[in-house]
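Colleague: First the structure, which I've put down as structure tokens, then a few questions once you've had a look.
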Amino acid sequence: MPTTQTASAHPNIALAKYWGKRDVGLNLPAMSSLSVTLDDFRTRTSVTWDAERDEVAIDGNRAGDAAAKRVFAFLDLVDPKRPPCAVVSESNFPASAGLASSSSAFAALALAATRASGRKRSLEELSVLARQGSGSACRSLHGGFVLWRRGEKDDGTDSHALPVAPADWWPLRVLVAVVDAGPKPVGSTDGMLRTAQTSPSYGVFVRDSETCVQEVRAAILARDFERLIAATERSTKGMITTMLGARPEIRYQRPASMDLVEVVASLRRTGILAGWTMDAGPNVKVLVQPGDAAVVAARLREIVPRVHDLGVGGPALVEGQAGPEAS
Ligand code: 2P0
């Protein structure tokens, strides 16, 4: 009998960055990281277990070969002897939003597929599973502020996400300024490998990452915004520096990215607190306190027209139940 289950998850943005793997096959990170889950944007995924054939549709279209292969390989992790499965995934944020969708996509898929398979998995086990689809996806199972532990074990069972504080702990805003929403010139996995193999400052970045995680965590727990943006920018600059040191260099920033960073710096000189971060792309995410969101967004829109104003979001959910724990 076919069984269909549906789950949804929000994307997340790292405040202390993950950029490097200690095991590529298992997707184990070389460092811990810490993120904020966003609200409003979400991926909703239905999995039919025991379908007529394997098929994947993403945002209304049949998935291309590479994407479908990645989904089927992931479903094989859920159950190596699985029956054919049909996956339908839709994100309510446009590709043009400039946010990586793999975090919300693999979190929703892990939850829906596990539930549809009839298996029981703890939230930790779900996180270990989602991590193998895409590293940052393990963080999207939780809402609010989320730590992804590097872990020590070779099998990766201790490398999973843990909640730091729930979504209503601190109502920050994340302004996503879209410089370019096109595909990235270097994929994350390739970029991380090249950085680890060729960038002289990679070891420095890895060593500093644990300090950044501790700083970001302490700032969140104390609701200390200045400390948060200082630690987030420190982690971001460390990541960008080590990317630039790779041979050939990995450079995702564009001139408009740096213009946006300059806007944040100039706002700070006038007493408006804001902090910037970037990921594997040219888009700039700006952290602000709620009262400053409108004025900062208006200044960013002088550089790029598309600026999304997002809050802190909740955990991934299976439709028809209160949370992922009960899967
Ligand atoms: C992060 N990024 O911590 C970092 C910062 C981009 C820069 O996680 O290879 O799609 O699937 O584990 O999670 C983007 O990479 O990479 C990412 P894989 P993922 O958010």
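Colleague: Condition first: in contact (Cβ under 8 Å) with a residue 24 or more places away in the chain and farther than 14 Å from D180 by Cβ. Now tell me which residues in segment 265-284 satisfy that.
Modeller: If the condition is that a residue be in contact (Cβ under 8 Å) with a residue 24 or more places away in the chain and farther than 14 Å from D180 by Cβ, then L267, I272, L273, A274, G275, W276, T277 are the ones that fit.
Colleague: Next up: Just to be sure I understand the filter: pairs with C-beta atoms under 7 Å, separated by 6 or more residues or on different chains, first member in segment 185-206 and β-branched (V, I, T), second member not in a loop (DSSP other than H, G, I, E, B). Which pairs pass?
Modeller: Every condition considered, the pairs that remain are T195/Y202; T195/T242; T195/M243.
Colleague: Search segment 95-112 for residues being assigned to a loop (DSSP other than H, G, I, E, B) and touching a strand residue (DSSP E or B) at 6+ places or on another chain (Cβ under 7 Å), and hand back the single one that is surrounded by the most Cβ atoms within 10 Å (Cβ to Cβ).
Modeller: Here the residue is L99.
Colleague: Let me ask you something else. Determine if segment 220-243 includes at least one residue that is among the hydroxyl-bearing types (S, T, Y), away from the ligand (no atom under 13 Å from the Cβ) and touching a strand residue (DSSP E or B) at 6+ places or on another chain (Cβ under 8 Å).
Modeller: no
Colleague: Kindly indicate which of P248, P305, P255 is exposed (fewer than 15 other Cβ atoms within 10 Å of the Cβ), under 22 Å from S201 (Cβ atoms) and modelled with pLDDT of 95 or more.
Modeller: That would be P248, the only listed residue that is exposed (fewer than 15 other Cβ atoms within 10 Å of the Cβ), under 22 Å from S201 (Cβ atoms) and modelled with pLDDT of 95 or more.
Colleague: Does segment 56-69 contain any residue that is open to solvent by 60 Å² or more (accessible area, probe 1.4 Å), within 16 Å of the ligand (Cβ to nearest atom), at pLDDT 95 or above and in a strand (DSSP E or B)?
Modeller: Scanning segment 56-69 turns up at least one residue that is open to solvent by 60 Å² or more (accessible area, probe 1.4 Å), within 16 Å of the ligand (Cβ to nearest atom), at pLDDT 95 or above and in a strand (DSSP E or B).
Colleague: Mind checking which pairs have a first residue in segment 93-114 that is on the phi > 0 side of the Ramachandran plot and a second that is buried (at least 24 other Cβ atoms within 10 Å of the Cβ), Cβ under 7 Å, 6 or more apart or different chains?
Modeller: Cβ pairs passing all conditions: G98/N283.
Colleague: Additional query: In segment 271-302, which residues are open to solvent by 10 Å² or more (accessible area, probe 1.4 Å) and among the aliphatic types (A, V, I, L, M)?
Modeller: Listed by number, the residues that qualify are I272, L273, A280, A294, V295, A298.
Colleague: If you don't mind, another one. State all residues of segment 20-47 that are open to solvent by 10 Å² or more (accessible area, probe 1.4 Å), of a type outside the set (G, A, S) and closer than 24 Å to G156 by Cβ; if no residue qualifies, say none.
Modeller: Residues satisfying the conditions are K21, R22, D23, V24, L26, N27.
The values are calculated or read from the model by the stated rules, or taken from the named source; none is laboratory data. Predicted, not measured: the structure shown is a model, and the values here were computed from it. All Cβ positions, glycine included, derive from the backbone under ideal geometry; neighbour counts span all protein chains shown. Ligands, DNA and RNA are stripped out before the accessible areas are found, and what is left, the full protein with its side chains, is counted by its heavy atoms. Shrake-Rupley method; radii C 1.70, N 1.55, O 1.52, S 1.80 Å.
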